[in-house]
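Engineer: Here it is, the structure in full.
What follows draws every value from the coordinates through simple rules; no lab data is involved. Keep in mind that what you see is a predicted model, and the values were worked out from it rather than measured. Cβ atoms come from the backbone with ideal geometry, glycine included; neighbour counts cover every protein chain shown.
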Amino acid sequence: MHTTLLTFKRNYRGVINGIDLEYSNGCLEGLNRKIKQIERTAFGCRNFVNLLKRIHLEENVVTEKDPYSI
C-alpha cells in the first residue's frame with residue numbers, strides 16, 4: 001500500500017491529466033502488444049512482408065482464404 005501511494009505521489013500530475021483529458025494511447029499500446037505477441041509465437045518471421053501479412057490477418061484487415069474455395 002505504501003509503495004502504491006508513493007507511486008501516485010510521484011506521478012500525481014500524470015494521474016490527474018489521465019483522468020481529466022479524453023486522450024489515451026490505449027489502442028496503440030494494444031496494437032504494440034499484439035505485434036510483439038505475433039513475433040513471439042512466430043519465433044521471428046522469415047521476412048518483413050510475412051510479418052505485415054500476419055499483423056493484417058490478426059487485425060482482420062484481410063481474411064484468411066479458405067483452401068477449399070474456388
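Engineer: Using Cβ contacts closer than 10 Å as the measure, can you line up CYS45, CYS27 from fewest to most?
Structural biologist: Result, fewest neighbours first: CYS27, CYS45.
Engineer: Pop a pseudo-label 7 angstrom from the Cα along the beta-carbon direction at both THR3 and VAL49 and give the gap in nm to one decimal.
Structural biologist: A separation of 4.8 nm, rounded to one decimal place.
Engineer: For HIS2, HIS56, what ranking results if the residue with the fewest other Cβ atoms within 10 Å of its Cβ goes first?
Structural biologist: Going from sparsest to densest Cβ surroundings: HIS2, HIS56.
Engineer: Counting other C-beta atoms within 10 Å, which of GLU39, GLU22, GLU29 has the fewest, and how do the rest follow? Working shown, then result.
Structural biologist: Values: GLU39 14, GLU22 4, GLU29 10.
Ascending Cβ contact count within 10 Å gives the list GLU22, GLU29, GLU39.
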